[in-house]
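Take a look at the structure set out below.
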Amino acid sequence: MRLAHLSDLHLYPHGALRPADLLGRRVVGALNLFLMRTRSHSNDVARLAVAKALELGVDHVIVTGDVTNLALEPEFALAADVLAPLGGPDFLSMIPGNHDYYTPAAIAARRFEHWFGRFVWAAGEGDYPAWKDFPGVRLILACSATKPPPLCAHGWIGVPQADRIATLAREARDQGLFPVLAVHHYMHVQHSVREITGFLLDKGRLRDVVRTSGVGLVLHGHDHHPHEMTVPGADGCPVPVIGCGSTTLFAPDRGRRGRFNVYDIADGRVTVQRWQVADQGDRFEPLPG
Ligand SMILES: [Fe+2]
Ligand SMILES: [Fe+2]
């Protein structure tokens, strides 16, 4: 199976934010958005990545959260438009990030699920985690987005979801499927203030799930820089944990360029191709190695 991994698109259509939206958490988010994100993320680069993934002949695409900035309806609409060339849920899977759950109102309205639930669950809506089976691979779709404390972006898995992830992974192994877990938040320790304000609160629980259940690959977002590490797996073998970085970054003067990955998964082995947007911002190029 060939799987493309995009993340943290942070799409914003010009003019989407209205004065009435500047309430509560969105005041800080809006400042962050206009001071930093709109200078760093490119909607055009998101469309380039989608086109490149299609060109590469992938079997499926996973987007690991944060398609929006402030969970605004126009942002979700833009995300739907950008991802539309990928087609239906047989070809695209999505999980929410903390920015897609930006306000209590967005969470209560299940705004992400309204727009993209069909890319999570096969039919209707259910609980997280969801899963999809492909030849040789089971893709497990978890939700770490939650209502965080003010000014924070923490994630949370919880006991019921962790138990279900473990069960799904063990079932997959019993059926000869390679379990791939997609989750927005990461398990590593970041070096910046982000480690204080935006980490996965129960990352130890998720590490335990990976260590005991047979999950063979973990894909995440949230860290806009690419990050790769391994954690101990159920059979003693190291399990790759890979964040592709934000796909839509385009600020070459500051060394920020969008990334996405392609994984070839066969016979329990994972091969990674890494793609980065070119200096001109007009195409994605493969990175060596
Ligand atoms: Fe993000
Ligand atoms: Fe995030």
Residue under evaluation Val189, criteria (1) touching an Asp or Glu at 6+ places or on another chain (Cβ under 8 Å); (2) surrounded by 13 or more Cβ atoms within 10 Å (Cβ to Cβ), criterion not met: (2)
Does Ala71 satisfy the criteria of being in contact with a helix residue (DSSP H, G or I) (Cβ under 6 Å, 6 or more places away or on another chain), among the small types (Gly, Ala, Ser) and part of a loop (DSSP other than H, G, I, E, B)? yes
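Can you go through Val218, Val231, Val209 and tell me which one is over 17 Å from the mean Cα position of the chain (by Cα) and assigned to a strand (DSSP E or B)? Steps first, please.
Values: Val218 fails: over 17 Å from the mean Cα position of the chain (by Cα); Val209 fails: assigned to a strand (DSSP E or B).
So the residue among Val218, Val231, Val209 that is over 17 Å from the mean Cα position of the chain (by Cα) and assigned to a strand (DSSP E or B) is Val231.
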Tell me, please, whether a residue that is surrounded by fewer than 20 Cβ atoms within 10 Å (Cβ to Cβ), among the aliphatic types (A, V, I, L, M) and either modelled with pLDDT of 95 or more or not in a loop (DSSP other than H, G, I, E, B) (or both) can be found in region 274-283. yes
Determine the pairs where a residue that is assigned to a strand (DSSP E or B) and crowded, with 16+ Cβ neighbours inside 10 Å, located within region 251-272, has a partner that is modelled with pLDDT of 95 or more and basic (Lys, Arg) with Cβ atoms under 7 Å apart, the partner being 6 or more residues away or on another chain. Arg259/Arg274; Asn261/Arg274; Val262/Arg2
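Determine which member of the set Asn69, Asn98 is within 16 Å of ligand 2 (Cβ to nearest atom) and under 13 Å from the mean Cα position of the chain (by Cα).
Answer to the selection: Asn98.
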Which residue pairs have Cβ atoms under 8 Å apart, sit 6 or more places apart or on different chains, and have a first residue in region 180-193 that is of a type in the set (Val, Ile, Thr) and modelled with pLDDT under 95 and a second that is outside any loop (DSSP other than H, G, I, E, B) and surrounded by fewer than 17 Cβ atoms within 10 Å (Cβ to Cβ)? Val189/Glu195
Identity of the residue in region 124-183, polar (S, T, N, Q) and away from ligand 2 (no atom under 16 Å from the Cβ), that ends up surrounded by the most Cβ atoms within 10 Å (Cβ to Cβ): Gln161
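Just give me the residues in region 98-146 being part of a loop (DSSP other than H, G, I, E, B), of a type in the set (S, T, N, Q) and closer than 14 Å to Thr68 by Cβ, in sequence order. Step through it out loud before you land on a result.
So the first thing to find is which residues in region 98-146 are part of a loop (DSSP other than H, G, I, E, B), and the list is 102-103, 109-110, 120-129, 135-136, 142-146.
Right, trim to of a type in the set (S, T, N, Q) and you get 103, 144, 146.
Matches in region 98-146: Thr103 only.
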Only residues that are surrounded by 17 or more Cβ atoms within 10 Å (Cβ to Cβ) and within 16 Å of ligand 2 (Cβ to nearest atom): list them for region 215-240, please. Val218, Leu219, His220, Gly221, His222, Asp223, His224, Pro226, His227
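The values are calculated or read from the model by the stated rules, or taken from the named source; none is laboratory data. Every value quoted in this text rests on a predicted model; they were computed, and no experiment measured them. For neighbour counting, all protein chains shown are included, and Cβ atoms are generated from backbone atoms with ideal geometry for every residue, glycine included.
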